[in-house]
Each structure stands twice: as structure tokens, then as C-alpha cells.
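Read through the structure below, which is laid out as C-alpha cells, and then see the notes.
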Amino acid sequence: MAKGEITTGRVSGFIDKDTEIVGDIKFSDSFRIDGKFKGKILSGQKLIIGESGELEADVDVGSIFVNGKVKGSMNASERIEVFSLGRVTGKIVTPKLVIEEGAFFQGSCQMKLKALGNKSAADYEEKTFE
């Protein structure tokens with residue numbers, strides 16, 4: 001597996017690099033975006049942003065893998081990975097965050113504790129990066 005490459009099971013949807021969509025997306029398996037998307041994304045599964053992908057969105061999914069550009073808020077119940085070509089501006093909330101060398105991140109990050117069922121203010125530690 002090459003660096004920055006994501007292996008997934010089934011991909012339930014795909015937005016190609018020459019496509020622009022505005023709206024809401026809900027999906028049940030993995031979804032990949034190589035085009036432009038503006039709106040909201042909701043799922044309990046994997047979202048993959050390819051190198052040519054550009055999002056201006058509020059995202060709430062299981063896992064997010066970023067090789068393209070994302071502007072907005074990203075909430076992942078499992079993990080967020082920003083690869084070396086990834087560019088993220090906005091708010092991140094996740095229990096696991098990986099930012100590869102060469103990636104760009106500007107915004108705030110809340111690392112939530114996944115193991116706790118009852119969430120309180122003590123479950124979150126906010127970090128701001130500029």
C-alpha cells in the first residue's frame with residue numbers, strides 16, 4: 001500500500017473530479033469525493049477525500065481520510081487522517097487524529113474520549129493550531 005493510499009471495502013458512492021454538487025449526502029458504506037462538494041455529509045462509515053477533492057462542508061462520519069482540501073467542521077467518531085497533500089481549515093472533533101508531515105491544518109481540534117458513554121465538558125480538550 002502506497003503512502004496516503006486508503007484501502008476500503010465497498011464504496012457506496014463517488015463524486016468524480018469534474019463534478020460539483022451542492023446539498024446533503026448520507027451514505028451507508030464508504031464514500032469517495034474527488035470533485036467539489038458544498039453542504040452536509042452524514043454517515044457512520046468512511047469518507048475519503050481524494051487529491052482533487054474540495055469540500056466546503058459540515059461532516060459527521062465514522063472516519064475521514066483527507067488527501068484534498070476541506071473547509072468546515074469535521075466530526076469523526078473513529079478517526080481523522082490528513083495525508084501530506086491534505087489541506088484542512090476548520091474545526092476537528094475526533095478521538096484519533098493523524099496529521100502527516102507536509103499536510104496543512106489551521107483551526108481547532110477537540111480530542112474526545114471514545115470510551116465514555118456520558119459526555120461532559122471534561123471529555124474534551126480543545127487545541128488551537130495556526
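The values are calculated or read from the model by the stated rules, or taken from the named source; none is laboratory data. Since the structure is predicted, the reported quantities are computational estimates derived from the model, not experimental observations. Glycine gets a Cβ as well: all are built from the backbone with ideal geometry, and neighbour counts include every protein chain shown.
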Exercise. Return the total of residues in the range 10-44 being part of a loop (DSSP other than H, G, I, E, B), closer than 19 Å to E78 by Cβ and touching a Phe, Trp or Tyr at 6+ places or on another chain (Cβ under 9 Å).
Key: 1
Self-check item: Only listed residue being at pLDDT 95 or above, of a type outside the set (A, V, I, L, M) and under 29 Å from G23 (Cβ atoms), chosen from K46, K112
Solution: K46
Quiz item: Taking the range 37-58 on its own, how many of its residues are more than 18 Å from K96 (Cα to Cα) and touching a residue at least 24 places away in the same chain (Cβ under 8 Å)?
Solution: 4
Quiz prompt | D34, sole failed condition from (1) buried (at least 19 other Cβ atoms within 10 Å of the Cβ); (2) under 11 Å from the mean Cα position of the chain (by Cα); (3) in contact (Cβ under 8 Å) with a residue 24 or more places away in the chain | solution = (2)
Self-check item: Where a residue in the range 59-73 is on the phi > 0 side of the Ramachandran plot and at pLDDT 95 or above and its partner, wherever it lies, is hydrophobic (A, V, I, L, M, F, W, C) and in a strand (DSSP E or B), with Cβ under 8 Å and at least six apart
Solution: G72/L55; G72/A57; G72/V59
Quiz item: In the list L55, L47, L85, which residue meets the criterion of being surrounded by 15 or more Cβ atoms within 10 Å (Cβ to Cβ) and in a loop (DSSP other than H, G, I, E, B)?
Solution: L85
Quiz item: Just a yes or no: is a residue in the range 10-25 touching an Asp or Glu at 6+ places or on another chain (Cβ under 7 Å) and of a type in the set (A, V, I, L, M, F, W, C)?
Solution: yes
Quiz item: What number of residues in the range 58-80 are crowded, with 21+ Cβ neighbours inside 10 Å and under 17 Å from L113 (Cα atoms)?
Solution: 5
